[in-house]
Amino acid sequence: MNAPNLHTAAPGSAPAPAPDRPLRLGTRRSPLAMAQAEEARDRLCAAHGWDQSLVELVPVTASGDKVQDRPLAEVGGKALWTKELDAWLHSGEIDFAVHSMKDVETIRPDTLTIAAVLPRADVRDVLVGAATVAAIPPGARVGTSAPRRAAQMLHARPDLSVVSFRGNVATRLAKLQAGEADVTLLAAAGLQRLGETGVGHPLGEDEWLPAPAQGAIGIECLTERTEVRQWLAAIDHAPSHAAIRAERALLLALGGNCHSPIAVLSRIEGDTLSLRAALYSPDGAERVEASARFAPDDAAAPAALAEVLLAQAPEAITVHFSGPAKD
């Protein structure tokens, strides 16, 4: 099994010369993905003093955007968001790709590198249709296809029911308006990037933990493309990258997948990183939580936290986590 790819540009290396042709930045075609690609392009051009014409956006319709009637976990998982862009990177059709990091598989090929993580946006979930979880009417229907959101909601409100909700932000809001559910949950970061800041009510981190890597934009390229990694190093936000690395390392050590309800909150506090995580059974009946504080470069700490969580968890939870990946 491949190890998680955590390569970055070599520190202290000489800056790469400006490209002699427009660089091609691959992205999913959805409105949110395009907004993220535009942010990545704008930051890269600003960092190097390039004209924006030097970064061309190349959209692709990902498999995950084509399948709207079933949860992703049933039809291929997170690879449905990345496989087309991966193929384009390997064929040379694009120079780099932009991703929502929460949609990127934990184990990536050694041939690919997350070369930059942009400054992380608001990690919270937003509740649409009610002001608080407690204010949701008894017996209401919660529209979501995310196991984490479903399990957290059922843990807090076992009287509610969950109905499958797929699609981009506009599609899910339209489904809610059409009465297919009474409330739904969306990522605050996505709403902000789309200019939809007046939608719903953000849920406080004390009562509701986000998904691993939520709110983070990553840019990936071929590991062998040293000059591309050097360009991207200029927009890598080290605190955000450290937090994402730790959250993904925790997920890897847990052996979580698209079916595994896990919620994680990390914070950089001075020269330490705090990581708080909760695991759930899919029906929300069981929950365990643990936390740790460690140096951001402590690669072993997330795995140690995973060991604590799995040791505490009942079988109703551990059956959905395979534990540390084996070679």
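Quick note: the coordinates plus some simple rules give every number you see, no bench work behind them. Predicted model, so just to flag it, every value in this text is computed and none were measured. Ideal geometry is used to build each Cβ from the backbone, glycine not excepted, and the neighbour counts take in all protein chains shown.
Things to note:
- Gain upon complete extension [SER274, SER322; 0.36 nm per residue less C-alpha separation]: 14.9 nm
- For the pair THR61 and ALA130, label points projected 7 Å from Cα toward Cβ lie 3.6 nm apart.
- Since only ALA97, ALA263, VAL133 are under comparison, the one whose Cα sits farthest along the positive direction of the charge dipole of the chain, derived from C-beta charges on Lys, Arg, Asp and Glu, is VAL133.
- This model, with +1 at the C-beta of Lys and Arg and -1 at the C-beta of Asp and Glu, gives the chain a dipole about its Cα centre of some 460 debye.
- Note on ARG293 and ALA87: the extension gain reaches 70.4 nm, defined as 0.36 nm multiplied by sequence separation minus the Cα-Cα distance.
- Only the Cβ atoms of Lys and Arg (+1) and of Asp and Glu (-1) were treated as charged; on that basis the dipole of region 170-327 about its Cα centre amounts to roughly 280 debye.
- Helix-only arithmetic for the chain: the sum of -39500 (n - 2.57) across DSSP H runs with n ≥ 4, divided by the residue total, places the mean residue ellipticity at 222 nm at -9500 deg cm²/dmol.
- Beta bridge orientation in region 125-202: antiparallel %, DSSP, nearest 5: 55 percent
- Listed residue (TRP208, VAL117, PRO19) projecting farthest to the positive dipole end of the chain, Cβ model: TRP208
- Length available on full extension from ALA174 to ALA238: 0.36 nm per residue minus the Cα-Cα distance, which gives 19.3 nm.
- Counting DSSP beta bridges with both ends in the chain, the antiparallel % (nearest 5): 70 percent
- Cα centroid of region 227-280 to Cα centroid of region 183-210, whole Å: 19 Å
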